Amino acid sequence: NDMPGEIAGEEIESVEGEIIKVVSISGNGLFQDNILTLPQMTDEYRTLFLMDSDSRLLRKYALRGTFRINNIGESGHNGIRIIFRYTNDSNYYCVMFNKAGEVSILRMFNGQWLELSDDIPPVRNFPLRVEEDFNFEVLTDPGNVSVRINGREILKGPITLGTDQSGGVYVSNSEVVLTNLEFVIPDGYEEQEIKIPEYNNPGNTLINLENA
């Protein structure tokens, strides 16, 4: 999927529903008034958002907010990785942005990175610019995911069954600021029947992101 110039994709309204505020942050970074500042680091690191969910299991939710990259690093997959369906450090999904302008969804499965490009083709030529705000929204249920940037759907496809509710970010050699972090239960969630596709492939290709 090529995306020259401005952000392309289908224009979709933001998810409306019950908002669950982010209540704390684990990992490095300064968190205050729902603003998370991740200073430039020499090594990549993970930060997880922790939510006040009243102990509910969020089978369907949206993770949304705004990110700004003030300085993109010079090595590895630079910029920001948005994590969703996080189980533990060895099992989660992420939306990957890199300096070359590619956006893709990868899966960390039992400690190894797996490509999902056969099922969710990556976007190329994404206009990732420094010191510019990008609104993101990751809408996911236990069998699908839709990624929206600035109100436009850029990635969509099947993922394997999962009911984990946590989300967060990885940062690699970059200085990032995130604001307006929220988890949202979509309106009508309680009544919706979530259809789980017959899809149990953990990933297409094993990949190594080091020095990528």
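The values are calculated or read from the model by the stated rules, or taken from the named source; none is laboratory data. Note that this is a predicted model, so its numbers are computed, not measured. FYI the Cβ positions are ideal-geometry reconstructions off the backbone, even for glycines, and counts take in every protein chain you see. In case anyone asks, the SASA skips ligands and DNA or RNA and just uses the protein heavy atoms, side chains included. Shrake-Rupley method; radii C 1.70, N 1.55, O 1.52, S 1.80 Å.
Within the range 95-139, restricting attention to residues that are polar (S, T, N, Q) and surrounded by 19 or more Cβ atoms within 10 Å (Cβ to Cβ), the residue that is modelled with the highest pLDDT is S104.
Residues in the range 162-176 that are within 22 Å of V15 (Cα to Cα), out of contact with any Phe, Trp or Tyr (no Cβ under 7 Å at 6 or more places or on another chain) and either assigned to a loop (DSSP other than H, G, I, E, B) or modelled with pLDDT of 85 or more (or both): G162, T163. Just one of the listed residues (I159, I154) is crowded, with 17+ Cβ neighbours inside 10 Å and either in contact with a helix residue (DSSP H, G or I) (Cβ under 6 Å, 6 or more places away or on another chain) or modelled with pLDDT of 90 or more (or both), namely I154. Within the range 7-56, being modelled with pLDDT under 75, under 25 Å from E175 (Cβ atoms) and assigned to a loop (DSSP other than H, G, I, E, B) holds for G27, N28, G29, D33, N34, P39, Q40, M41, T42, D43, E44.
Output the residue which, of all residues in the range 167-182 that are among the polar types (S, T, N, Q) and more than 23 Å from D89 (Cβ to Cβ), is least open to solvent (accessible area, probe 1.4 Å). The extreme case among them is T179. The criterion of being open to solvent by less than 10 Å² (accessible area, probe 1.4 Å), in contact with a strand residue (DSSP E or B) (Cβ under 6 Å, 6 or more places away or on another chain) and closer than 25 Å to I35 by Cα holds for Y92. Being at pLDDT 75 or above and open to solvent by 30 Å² or more (accessible area, probe 1.4 Å) holds for only one residue in N144, N200, and it is N144.
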